[in-house]
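In what follows, a single structure is set out as structure tokens and then discussed.
The values are calculated or read from the model by the stated rules, or taken from the named source; none is laboratory data. As the structure is a computational prediction, the values presented were derived from the model and not from experiment. Using ideal geometry, Cβ is built from the backbone for each residue, glycine included, and neighbour counts are taken over all protein chains shown.
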Amino acid sequence: MTEEPCQCSDCQRFYKEHDRLIREFPTFKQQQELNWASIQSFRTLCSKVTNELQRELSERESNEDSNLDDKHISDAEITEALDELESVNAYLYSIEALMERIFDTKFPNNIESKFKEIANELAPDPLNIDRLILNRLFHQTPDFPDKKY
């Protein structure tokens, strides 16, 4: 027996985003580019935050007499975050190395078309008129257990 997908709000948000990414980037090449851009933007943001936190910690160390009330983030929080970001950056570099291998893979147009076809099956457009009609019909059936008539 298969389990029903989780219905919590976090999972529902994930499912919607998952389906949107399949709809908007339905080919292998588009998925390659999307994932590469995502990894690069994540690395850029993490690096910028790391640099900023290191700068802030360095300034604090050089101004030891500064008022403790002015600190929005404690030194311990910054140090812990820097340790975590160091790990995250190492993982991102590993993912980037794997992605470079994936970029070596190329498919002809007829295979890319198969990706588009499967993408439409996996994540059909929720605003497609056929899907809206089907959903409306499904929710109006008398044998639908949750409906009260």
Conditions: (1) assigned to a helix (DSSP H, G or I); (2) more than 23 Å from the chain's Cα centre (by Cα). E64 meets all but one. Number of the miss?
-> (1)
State which residue is farthest from the chain's Cα centre (by Cα) when the search covers only the stretch 19-42 and only residues that are over 15 Å from K116 (Cα atoms) and touching a residue at least 60 places away in the same chain (Cβ under 8 Å).
-> W36
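Given the residues E17, E61, which is the only one that is touching a helix residue (DSSP H, G or I) at 6+ places or on another chain (Cβ under 9 Å) and modelled with pLDDT under 95?
Values: E17 fails: touching a helix residue (DSSP H, G or I) at 6+ places or on another chain (Cβ under 9 Å).
Checking each option against the conditions leaves just E61.
If we keep just the residues of the stretch 17-57 that are hydroxyl-bearing (S, T, Y) and within 13 Å of V88 (Cβ to Cβ), which is surrounded by the most Cβ atoms within 10 Å (Cβ to Cβ)?
Applying the first criterion (hydroxyl-bearing (S, T, Y)) to the stretch 17-57 yields 27, 38, 41, 44, 47, 50.
Imposing the further condition that a residue be within 13 Å of V88 (Cβ to Cβ) reduces the set to 44, 47, 50.
Numbers: T44: 10, S47: 13, T50: 17.
Within the stretch 17-57, the match that is surrounded by the most Cβ atoms within 10 Å (Cβ to Cβ) is T50.
Restricting to the stretch 1-57, name every residue that is outside any helix (DSSP H, G or I) and of a type outside the set (V, I, T). Break it down stepwise before answering.
Initial filter on the stretch 1-57 (outside any helix (DSSP H, G or I)): 1-8, 25-27.
Selection gives M1, E3, E4, P5, C6, Q7, C8, F25, P26.
Applying the selection to the stretch 106-121, what residues are surrounded by 12 or more Cβ atoms within 10 Å (Cβ to Cβ) and either in a helix (DSSP H, G or I) or not hydrophobic (A, V, I, L, M, F, W, C) (or both)?
Taking the stretch 106-121 and keeping what is surrounded by 12 or more Cβ atoms within 10 Å (Cβ to Cβ), we get 107, 112-116, 118-120.
Of everything in the stretch 106-121, those that are surrounded by 12 or more Cβ atoms within 10 Å (Cβ to Cβ) and either in a helix (DSSP H, G or I) or not hydrophobic (A, V, I, L, M, F, W, C) (or both) turn out to be E112, S113, K114, F115, K116, I118, A119, N120.
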Could you check, for the stretch 73-80, whether at least one of its residues is in a helix (DSSP H, G or I), surrounded by 11 or more Cβ atoms within 10 Å (Cβ to Cβ) and in contact (Cβ under 8 Å) with a residue 60 or more places away in the chain?
-> no
Of the numbered conditions (1) over 19 Å from the mean Cα position of the chain (by Cα); (2) among the acidic types (D, E); (3) under 30 Å from T50 (Cα atoms); (4) modelled with pLDDT of 90 or more, D70 satisfies every one except a single condition; which is it?
-> (4)
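It is to be established whether one or more residues within the stretch 11-34 are under 30 Å from L127 (Cα atoms) and hydroxyl-bearing (S, T, Y). Steps first, answer last, please.
Within the stretch 11-34, the first condition is being under 30 Å from L127 (Cα atoms), and the residues that meet it are 11-34.
Those still in the list that are hydroxyl-bearing (S, T, Y) too: 15, 27.
Scanning the stretch 11-34, I find at least one residue that is under 30 Å from L127 (Cα atoms) and hydroxyl-bearing (S, T, Y), so the answer is yes.
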Output the residues belonging to the stretch 123-149 that are in contact with a His (Cβ under 9 Å, 6 or more places away or on another chain) and at pLDDT 80 or above.
-> A123
